[in-house]
Every structure is written in C-alpha cells, then in structure tokens.
Amino acid sequence: MPEIADFLFQITSLIRETAAQRLAEWGCGELADGIELERPAISKHGDYSTNIALVAAGRAKRPPRELASQLADDFSAARTLQPLLSHTEIAGPGFINFFLRPAALAGAVQTGITLGARFGSSLPAAPEKILLEFVSANPTGTLHVGHARYAAYGDALRRILEFAGHDVTSEFYINDYGTQMEIFGRTLAARYAQELGLGGKIPDEGYQGEYPRHVAKLIAEEAGDRFAGEMTPEPTPAALSFFRQRGCELVLGEMRAELERFRVGFDSWFSESRLYSSGEAEAAIEELKRAGEAVEREGALWLLTTRYGDDKDRVLIRGSGEPTYFASDIAYHRDKLERGYDRLINIWGADHHGYVPRMKAAFEALAHDPERLEIIIGQLVNLIQMGERRQMSKRAGTMVTLAELVDGIGVDAARFFLVDRSHDTTLDLDMEKAKLKSEENPVYYVQYAHARICSILRKSETGGEAGVETGGEEEPAGATQTAAGGPFSLQPQERELILKQADFPAVVRAAAITRSPQRLTTYARELAAVFHVFYHNCPVLRADPGTAAFRLDLCRLTRYVIARSLDLVGVAAPEKM
RNA sequence: GCGCUCGUAGCUCAAUUGGAUAGAGCAACGGACUUCUAAUCCGUAGGUUGCAGGUUCGAGUCCUGCCGGGCGCACCA
C-alpha cells in the first residue's frame with residue numbers, strides 16, 4: 001500500500017472499489033483486490049486494460065464478454081472514475097480497455113512534480129528490517145569482475161529496497177579465520193622474506209601470483225626489517241600472526257577503496273574471527289549440542305542436517321578439533337538474527353548453491369524459520385579471451401579485476417552493463433570487446449536524454465527562447481493545447497511520456513519484490529526512448545507559453561525519474577554530455 | 001549418475017510473474033541537422049521462444065519427459 005499517492009495506484013484502487021460489489025454478486029468478490037491494470041502493447045487498446053472479466057468468467061460460469069460489458073458499464077457510471085475516464089471499450093476475448101482524460105494525465109504530472117524526490121517511493125504493506133550480505137570476498141586476493149557483478153547487483157538491490165520502503169543494512173562478511181587465512185599469512189611471510197633477500201619459500205598450498213607479493217611489499221615498506229630475525233629457519237608464530245592480521249587489514253583496505261570507487265559502500269564489515277574471540281561460535285555449537293541436533297561421531301562433531309532435508313549430515317568440528325566454515329556460518333547467522341533483522345538476504349555465487357540446503361537446515365536446527373533466510377544465487381562470469389571461453393581463475397591467470405574493468409570502461413558503463421542482465425544468467429565478458437564497444441553502452445543513451453533535458457531546463461531559466469518565437473506555427477497538426485485550466489488534448493508522444501512516467505512507482509515495487517534491479521535499467525532505457533521521441537515531435541521552448549509551461553513540467557518529471565532510475569542502480573545522471 | 005540452474009532475432013538481453021500481433025539495443029541497409037544537444041529520430045530486414053507432450057478461454061511464462069550449456073555433489077571456503 002503506497003504511502004504516496006501514485007496515479008496508477010489511485011486508478012487501480014478506484015477500479016477495484018467499483019468492481020468489488022459486482023464481483024461479489026457473481027460469487028467471486030475476493031478477486032477485486034487482485035485487479036491489476038496493464039499497459040496494452042498497442043495504443044489502440046487504450047491507456048490501460050484489465051483482464052478481470054476473463055479471470056472472473058471461470059468462477060461466475062458466464063461468458064467473459066458479458067461480464068466485461070457489465071463491469072464496463074459500472075466503471076462508466078462510477079462517480080469517482082468520471083474525472084479520470086474518458087471512455088471504456090471491450091475487446092478481444094473480454095478485456096476492458098480504459099481511455100483516460102487528458103486533464104487527468106496532466107494532473108498526474110503535477111502530482112509527480114509535487115512529490116519530487118519522493119515520486120516512486122512507497123511504504124510496503126509490511127516494511128522489513130533487512131540484512132543484505134554480499135561480495136564477502138576472501139581477504140586473500142583482489143576483487144575480480146565476478147565480485148563486481150555481485151557488488152553492482154547487491155548495491156543496486158540495497159538502493160531499491162530502501163527506496164521501496166524497507167530498512168536495509170548492507171554487510172560484508174570477512175573470512176579472516178581458518179585455513180585459508182593461515183596459508184595466506186605464510187605466503188606473505190615468505191614473500192616478505194624474499195623482499196628482504198632472506199629467500200623465503202612459498203608453501204606448497206600457498207598463493208602464487210603477484211598480489212601477495214604486492215601486499216608483502218607494503219608490509220615491508222611499513223615494517224622494514226623488524227621481522228627479519230623471525231623468518232629463519234621458519235617464521236615464528238608471532239610473526240605469522242602479524243602477517244595474517246596486517247595482511248588482512250591491507251587487503252580489506254584496498255577492497256574497500258576499490259568498492260568505494262565503484263560506488264559500493266557497506267554499512268557494516270563483520271569479522272569471522274570475532275565470532276571466536278567473543279565466544280559466539282562456541283555458544284552456537286553448544287546450543288546445537290544441547291538441542292540434540294549435533295552429535296559426536298567418528299571423532300568429529302556432526303550437525304544432523306539430514307533431519308531437515310539435506311543430503312548428508314555435515315561436520316561442525318573436524319577430528320583435528322578445528323571448526324569448519326559451516327560452524328562459523330551458523331554462528332554468524334545466529335548473530336544476524338540476534339541483531340533483530342526480520343529477513344536475511346545473502347547473495348551467493350552459483351558455485352555455492354549446493355550449500356543452501358545445509359544452511360536452511362541449520363536454521364531449523366536452531367529453531368528459526370528458514371523462510372527468514374533468503375539466498376539469492378548469482379550466476380558466474382565467464383571470460384572470453386582470444387575468442388575462447390574461459391573460467392576465471394587466479395592460478396591460471398585468466399582474471400580480470402574490478403579495477404581493470406573500471407579503468408577500462410568507467411563506473412557508469414560497468415555498473416549498467418553488469419546490472420542490465422538478470423543475475424540469474426551466466427555472463428560472458430570479453431574485455432577487449434567491452435572496451436571497444438563501451439561507447440555503445442546503453443547507459444549513454446539514457447544519460448544523453450537526461451543531459452538533453454537539463455539543457456532545455458537551463459535555457460528555460462535564462463528565459464532565452466521561451467515564448468518569443470513563432471507561437472504554435474511549428475506544432476504538429478491537431479494540436480489544440482491551451483494554457484493550463486482550459487480543455488486540451490495531448491499529442492500522442494506526450495501521452496506516451498506521461499503513461500511511461502506513471503509506470504515508475506510500480507516498476508520500483510516490482511524490482512524490489514522480485515529482487516530485479518535489471519527492471520530499472522530496462523525501464524530507464526524505455527523512458528529515455530519515449531522522451532527522445534517526444535523531443536523530436538514536441539518543441540518545448542518554441543511552443544506557445546501555455547504549451548511550453550506544460551512541456552517543461554513533462555521535462556522536469558522525466559528528468560527526475562531518469563535520474564532516480566539511474567541512481568537506483570548506482571549510475572550517475574550528468575547534466576551535460 | 002544425482003541435485004540446482006539457464007536455453008527467446010546473427011550478438012547482448014527484455015517481456016509488468018498466465019494476457020491481445022513476443023519487444024529493445026548492437027550489428028546490416030535506406031532516410032532526417034539553418035532547429036530546445038544527431039551520443040538523437042524515422043523506415044526496412046531479422047522468430048515454429050531448444051524439442052515433444054500436458055494444464056485452459058489464453059503458455060516464452062505453470063507441469064512432465066527429452067536435448068544442450070553452466071554450477072555443485074569434502075572433516076575446502
């Protein structure tokens with residue numbers, strides 16, 4: 001239920017109210033609340049249409065067109081709808097098509113402008129306190145385009161959910177505990193020793209590649225030879241602990257800077273190792289033991305996830321006494337719930353989807369509703385290099401970093417490109433092609449419309465051309481607009497523009513509900529297209545004063561909606577191009 | 001082998017969650033700048049929505065079975 005009066009929502013509400021009584025008469029009154037207005041594909045089919053007669057026909061056991069006819073009469077007779085509705089038609093198998101009065105559409109523009117920055121925002125029926133966790137890259141390397149995809153998607157989702165009325169916290173989970181960190185620390189120590197000419201040896205399982213060397217260099221710069229005495233024959237535990245910790249800090253610092261450059265900020269950075277220092281991990285495990293959900297077997301501690309549909313039980317504590325990543329994750333999610341969130345949304349890569357059932361099972365084991373955990377699986381990014389499809393891999397050196405992506409095509413093009421396709425399809429990225437074709441990125445099409453509008457608005461403010469020119473002479477035939485207040489008609493391009501603007505609040509809502517930021521890029525492109533057509537057919541500053549004023553309002557609202565649509569996916573809206 | 005997931009124009013993707021004649025952008029071809037920004041607009045061409053059934057007034061969308069791609073199936077994370 002939108003907090004804010006939104007034109008399409010208002011009409012829909014009035015249609016529902018009007019239809020409710022008749023539907024009840026036919027024994028299907030509960031259908032009224034489900035009535036939705038759609039934009040027909042063809043303009044001849046009206047401004048909006050509804051299929052309610054078709055839906056009701058099955059229940060009422062009467063021909064759909066007969067029901068449509070009755071409902072259409074009701075709509076025409078309804079006092080509340082008369083200021084909005086010009087007429088209705090019945091078409092096809094039983095669609096009811098609505099044709100709106102121009103004055104009503106003009107009123108919608110005024111409402112939108114009055115709402116200003118709030119236009120499109122809403123208050124959902126059940127606002128939620130949401131924790132949105134994404135990226136959460138291991139602090140042992142650099143961010144690549146796979147992370148970039150989740151960063152762009154997650155951050156856009158955060159913006160959209162907030163604008164749609166939810167209370168969202170974005171969080172980055174830091175895997176700074178366990179085996180991988182251990183190995184990373186050893187790798188850094190070896191690289192550090194090499195920096196100092198002490199000839200350290202990278203462990204067998206260690207990280208090859210340039211990045212650890214880069215981090216070790218940073219440490220060498222700030223620490224000098226302070227640890228030189230602790231490197232041979234083996235790095236001391238104290239030294240390893242330092243390298244682990246300092247390395248992690250440095251990597252996270254670079255990640256944070258890189259993400260900020262990408263316009264992705266996190267409200268919270270949550271450390272895995274803190275779960276152990278605070279005793280939370282132990283507490284979670286104890287709770288599971290006490291509840292009889294975790295048992296010792298074969299020297300390890302197992303969580304009995306098969307009770308809740310998982311394929312096999314899962315180890316929490318290894319025979320070696322080391323807790324698994326799964327144990328950490330349980331403690332982590334327990335902590336999230338204790339922080340009072342209604343819903344936990346995790347964005348995971350497709351390579352982790354097999355992990356979902358056990359995590360859900362853990363919720364049940366802790367007697368929490370697994371529905372509160374929503375895991376969004378994002379498909380992976382493949383690289384195309386020299387015409388070959390390759391999977392990204394640090395070891396194979398087939399990796400494109402977030403930094404390279406941003407340097408290559410810029411933040412706006414990169415974010416638009418990444419969010420524009422569904423997170424649910426695998427994405428092929430050819431960096432060479434992406435660079436060559438970056439000027440063809442649809443983001444510029446949308447930004448250009450925005451810049452164009454800004455240019456018109458600038459000129460209107462300086463009073464340059466408004467009203468001084470040839471009056472209505474260049475108007476397309478049939479224009480009969482007069483100053484506000486009088487009866488007028490709308491050019492088809494104006495009508496299209498207004499109807500497209502009126503879609504915006506519903507687009508935001510749909511994007512939020514279906515977790516699809518990509519709806520916004522599609523919408524922004526459509527709105528820009530409709531505006532460009534309007535621009536070519538309907539002069540603004542050169543129109544007569546009344547028309548010019550009205551069209552300037554159309555421009556203002558379009559500008560606002562484009563800027564907001566882009567902002568919701570983290571893309572800038574430049575005033576000049 | 002089992003599980004999850006995706007197959008839509010030559011390419012990259014949409015399609016208001018079951019609606020009317022499946023739409024955009026690139027790429028191709030032909031037009032429009034003495035004009036509020038030509039990074040734009042107009043037009044042409046491009047499709048058995050992987051295949052086969054099913055559900056109903058109606059299917060790209062839901063169900064079943066095949067085919068093909070991706071990803072998983074650890075006391076790794």
(request) Calculate what fraction, in whole %, of the accessible area of chain A sits on carbon and sulfur atoms when a 1.4 Å probe is rolled over the protein chains. (result) 50
(request) Please get the size of the charge dipole for segment A:179-255, origin at its Cα centre, with Cβ charges of +1 on Lys and Arg and -1 on Asp and Glu, quoted in debye to the nearest 20. (result) 40
(message) At 1.4 Å probe size, put A:Lys61, A:Lys129 in order of accessible surface, largest to smallest.
(response) A:Lys61, A:Lys129
(message) Just want the answer: with Cβ charges of +1 for Lys and Arg and -1 for Asp and Glu, which residue in A:Pro63, A:Ile375, A:Ala125 is farthest toward the dipole's positive end in chain A?
(response) A:Pro63
(message) Suppose the chain between A:Ser86 and A:Ala367 were pulled fully straight at 0.36 nm per residue; how much longer would it get relative to their current alpha carbon spacing?
(response) 95.5 nm
(request) For A:Ser271, enumerate residues with amide H under 5 Å from its amide H, sequence gap 5+ or separate chain, H modeled in the peptide plane. (result) A:Ile174
(message) Filter A:Lys312/A:Lys336; A:Lys459/A:Lys576; A:Lys289/A:Lys360 down to the pairs with a C-alpha to C-alpha distance above 20 Å, please.
(response) A:Lys312/A:Lys336
(request) Evaluate segment A:7-100: find the radius of gyration of its Cα atoms, find its Kirkwood radius, and give the ratio Rg to Rh. (result) 0.92
(request) Would you please give the residues with an amide H less than 5 Å from that of A:Leu316, counting only those at least 5 places away or on a separate chain, with H modeled from the backbone geometry? (result) A:Leu301, A:Trp302, A:Leu303
(request) Give, in nm to one decimal, the length gained when the segment between A:Lys576 and A:Glu298 is fully stretched (0.36 nm per residue of separation minus the Cα-Cα distance). (result) 93.3 nm
(request) First measure r as the distance between the Cβ atoms of A:Arg458 and A:Asp407, then evaluate 1/(1 + (r/R0)^6) with R0 = 35 Å and state the FRET efficiency to the nearest 0.05. (result) 0.65
(request) With θ set to phi - 60°, apply the Karplus curve 6.51 cos²θ - 1.76 cosθ + 1.60 along segment A:428-439 and write out the HN-Hα couplings as whole Hz, x wherever there is a Gly or Pro. (result) 9, 10, 10, 4, 4, 5, 4, 5, 4, 9, 5, 6
(message) 7 Å from Cα along Cα→Cβ at both A:Glu432 and A:Glu322: what's the point-to-point distance in nm?
(response) 4.2
(request) Could you compute the FRET efficiency for A:Asp267 and A:Phe99, with r as their C-beta to C-beta distance and R0 at 56 Å, rounded to 0.05? (result) 0.75
(message) Using the Cα centre of chain A as origin and beta-carbon charges of +1 (Lys, Arg) and -1 (Asp, Glu), tell me which of A:Thr547, A:Gly199, A:Leu304 is placed farthest towards the positive end of the dipole.
(response) A:Thr547
(message) Using C-alpha positions alone, give me the convex hull volume of segment A:179-255 per residue in cubic angstrom.
(response) 83
(request) Determine the dipole magnitude for segment A:261-354: charges of +1 sit on the beta-carbon of Lys and Arg, -1 on that of Asp and Glu, nothing else is charged, the reference point is the Cα centre, and the result goes in debye to the nearest 20. (result) 280
(request) Please work out the ratio of the alpha-carbon Rg of chain A to 2.2 N^0.38 Å and round it to two decimals. (result) 1.20
(request) Give the percent of DSSP beta bridges with both residues in chain A that are antiparallel, rounded to the nearest 5. (result) 50
(message) Can you give me the distance in nm between label points at A:Glu30 and A:Glu440, each placed 7 Å from the Cα along the Cα-to-Cβ direction?
(response) 5.2
(request) Could you go through segment A:249-261 in sequence order and give the Karplus-derived ³J(HN,Hα) for each residue, using 6.51 cos²θ - 1.76 cosθ + 1.60 with θ = phi - 60°, rounded to whole Hz, and x for Gly and Pro? (result) 4, 5, 4, 5, x, 5, 4, 4, 5, 5, 5, 5, 4
(request) Would you pull out the residues with amide H under 5 Å of A:Val168's amide H, same chain only if 5 or more places away, H placed 1.01 Å from N? (result) A:Ile130
(message) For segment A:124-222, compute the orientation-averaged projected area of the C-alpha convex hull (one quarter of its surface), in nm².
(response) 8.2
(request) Starting at the first residue of segment A:217-226, write each ³J(HN,Hα) from the Karplus equation 6.51 cos²θ - 1.76 cosθ + 1.60 with θ = phi - 60°, in whole Hz, x for Gly and Pro. (result) 5, 4, 5, 4, 5, 8, 9, x, 9, 4
(request) In nm, give the distance between the simple-model label positions of A:Gln385 and A:Leu198, each being 7 Å from the Cα along the Cα-to-Cβ direction. (result) 3.4
(message) Tell me the per residue accessible area of chain A using a 1.4 Å probe; a whole number in Å² is fine.
(response) 45
(message) In segment A:249-277, whose amide N lies under 14 Å from the spot 7 Å out along Cα-to-Cβ of A:Glu222? List them in ranges.
(response) A:249-257
(message) Helix-only mean residue ellipticity at 222 nm, chain A, DSSP H runs n ≥ 4 weighted -39,500 (n - 2.57), per residue, nearest 500. What is it?
(response) -16000 deg cm²/dmol
(message) Straight-line reach only, C-alpha to C-alpha below 26 angstrom: list the lysines that A:Lys44 could link to, leaving out same-chain residues fewer than 8 apart.
(response) A:Lys500
(request) Report the FRET efficiency, 1/(1 + (r/R0)^6), for A:Glu286 and A:Val356, where r is their Cβ-Cβ distance and R0 is 30 Å, rounded to 0.05. (result) 0.75
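The values are calculated or read from the model by the stated rules, or taken from the named source; none is laboratory data. Computed from a predicted structure; not experimentally measured. Glycine also receives a Cβ, built like all others from the backbone with ideal geometry; neighbour counts cover every protein chain displayed. These accessible areas exclude ligands, DNA and RNA; they are computed on the full protein's heavy atoms, side chains included. Shrake-Rupley method; radii C 1.70, N 1.55, O 1.52, S 1.80 Å.
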